[in-house]
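K.L.:
Please find one structure pasted underneath; my questions will follow.
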């Protein structure tokens, strides 16, 4: 499972941070940070989700009020 995070879209509500420790709050920038993520494109960060964190990662994606987070499983987008 892979998660993609669009930092430009993020509005800094930090609901993802409350749902999964794979995200941290960057209070100075007013944006979340995808921990251990790799920049894939301009302002898009991706990382593999550990098996034991898949449910939390899905909750983080669903909690985002602006759909800045997408989850893919076997190449298919599952959230949102």
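The values are calculated or read from the model by the stated rules, or taken from the named source; none is laboratory data. For clarity, every value in this text was computed on a predicted model and none was experimentally measured. Cβ atoms come from the backbone with ideal geometry, glycine included; neighbour counts cover every protein chain shown.
K.L.:
Just wondering, is there one or more residues in the stretch 56-69 that are in contact with a helix residue (DSSP H, G or I) (Cβ under 7 Å, 6 or more places away or on another chain), closer than 12 Å to residue 4 by Cα and either at pLDDT below 95 or part of a strand (DSSP E or B) (or both)?
P.N.:
yes
K.L.:
Among (1) touching a helix residue (DSSP H, G or I) at 6+ places or on another chain (Cβ under 6 Å); (2) outside any strand (DSSP E or B); (3) surrounded by fewer than 18 Cβ atoms within 10 Å (Cβ to Cβ), where does residue 36 come up short?
P.N.:
(1)
K.L.:
Also, I was wondering about something else. Considering the stretch 39-49 alone, what residues qualify as being part of a loop (DSSP other than H, G, I, E, B) and surrounded by fewer than 12 Cβ atoms within 10 Å (Cβ to Cβ)?
P.N.:
Across the stretch 39-49, the qualifying residue is only 42.
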